[in-house]
1. Per the Cauchy relation, a quarter of the hull surface: what is the mean projected area of the convex hull of the alpha carbons in the range A:231-339, in nm²?
2. List every residue whose amide H lies under 5 Å from the amide H of A:Leu32, counting only residues 5 or more places away in sequence or on a different chain, with H placed 1.01 Å from N in the peptide plane.
3. Work out the length of the dipole vector of chain A about its Cα centre, built from +1 on the beta-carbon of each Lys and Arg and -1 on the beta-carbon of each Asp and Glu, and round it to the nearest 20 debye.
4. Starting at the first residue of the range A:252-260, write each ³J(HN,Hα) from the Karplus equation 6.51 cos²θ - 1.76 cosθ + 1.60 with θ = phi - 60°, in whole Hz, x for Gly and Pro.
5. Hand me the GluC sites (Glu not before Pro) from the range A:55-101 located in a DSSP loop with no more than 15 other Cβ atoms within 10 Å, in residue order please.
6. Residue separation times 0.36 nm, minus the C-alpha to C-alpha distance between A:Thr29 and A:Gln216: what's the value?
7. Rounded, prolate or oblate, given the Cα gyration tensor of the range A:1-117, with a/c below 1.5 counting as rounded?
8. If I model a spin label at A:Ser108 and A:Glu136 as a point 7 Å from the Cα along the Cα→Cβ vector, what separation in nanometres do I get?
Amino acid sequence: MISVIVPCHNESGNIQKTYQTITNQTLKTIQLYFVDDASTDTTYAEIQALPQTKGITVHALKTETNLYRAGACNLALKQVTTKYVVMMDAGTTLEKHALEHAIKTLESNPNIGLVCSKAGIEKNGKGLLYRLQKLEYANTDLSRMITQNNVMISHGLFSATRKEILEQVGYYSENMLLEDYDLTVKVKQAGYLAVFSPQIQAYTETVKTVKQLIKQRYRWFLGGLDVLTKYGYSAETKEDIFGHALYLTFFMAIMGTLIFGFTFNNFQITYTNIMLIPIALATINYVTSLIGLAFVENLTKKDVVIRATILPELLYCIFLELVRWKAYLAKCFTKKRKW
Amino acid sequence: MTTTTVGGTYISLSTSIIASVILTIFYSVMIILLIICLIIAVYQIHKTIKAKKQLQAITNDKRNSTMP
């Protein structure tokens, strides 16, 4: 038996969809906990209207004030009586063997503390923003596949664990913007592995507008930085810290070379053999990105064109870099955090 | 004052020395970083090919297991 926890904040319309994806699972004994996190719409009424089917018990929980994802999950986690627990987002759909695979993975090795799924994008989206996010999610899946037995973040879209591990690490930290990253670090520090299971397929919807995207990514970047400053340099955070350090050093070196080099060279770019290095680097990365297309779910010709022409993804990347810098500045100059 | 031309602009010799030292540092850092990135990129392409093969194996397994 397994418990599935679904925190919901104004998720009216997604409740039935989530319930459906759980009832479609090959595993048939499930304790399903929906936590309505102080929604202002009909979410709670929709949860209460869900039928109790054979093997699937629905628990409807409600918070009085908005506790955010971590608080809502903790409320349900303290009531869980099963050995295995899955935390997933409302609106996420799962491939029918997902829960079965999650249990199999956890049972295969007692040292595994967290299992996360592949994060696919639902088919129903349209437009350039949808396609760019779809390609980006595929890149993330690729990097998870590479670091399969030691993922940096066991994401909130679908993460499975054992109840005893959550008790041991003190459940989710409720004051963190990126509670899933924080939990992953805590579980790893407790001596467990956080692994990626490519057999588990979960699908989510992308954000629809640029404004939503900025808000989401800002939270991700800033939340990630908060986790790094909370835990400092450790075996669990060193990879991320190294990434930030390399990025910042590279950024300063590029800016410095451009400003000084360009100014003192009479605003002219002269070819030198050293330029072969970035050209080689760009070529290798281009080939890697084309190979990475294998990780895109429901790949279409449009996706291939976007990847092959480079420019759309390059502009998207520059846009995300601006959001990253906003997060760096916020990290340096502000202390207040808003989910 | 002793002057020199850099890119057609007359600047003092001391400024020119400082500028060339700074430039050399930036160029050196850039080259070191680029080489590090190149090594990472080569490692990454190797890992990506390996990951793609693994994914293909999983997809084939799934296909076989759903066959009647």
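Read-outs: derived from the displayed coordinates by stated rules, not from any lab. As the structure is a computational prediction, the values presented were derived from the model and not from experiment. Positions of Cβ are backbone-derived with ideal geometry, glycine not excepted, and every protein chain shown enters the neighbour counts.
1. 11.1
2. Residues meeting the amide H criterion: A:Val4, A:Thr57, A:Val58, A:His59.
3. The dipole magnitude comes to about 360 debye.
4. 3J(HN,Hα) across the range A:252-260, in whole Hz: 5, 5, 5, 4, x, 5, 5, 5, 6.
5. The qualifying sites are A:Glu64.
6. Computed gain between A:Thr29 and A:Gln216 is 63.9 nm.
7. In terms of gyration-tensor shape, prolate.
8. Inter-label distance under the simple model: 3.0 nm.
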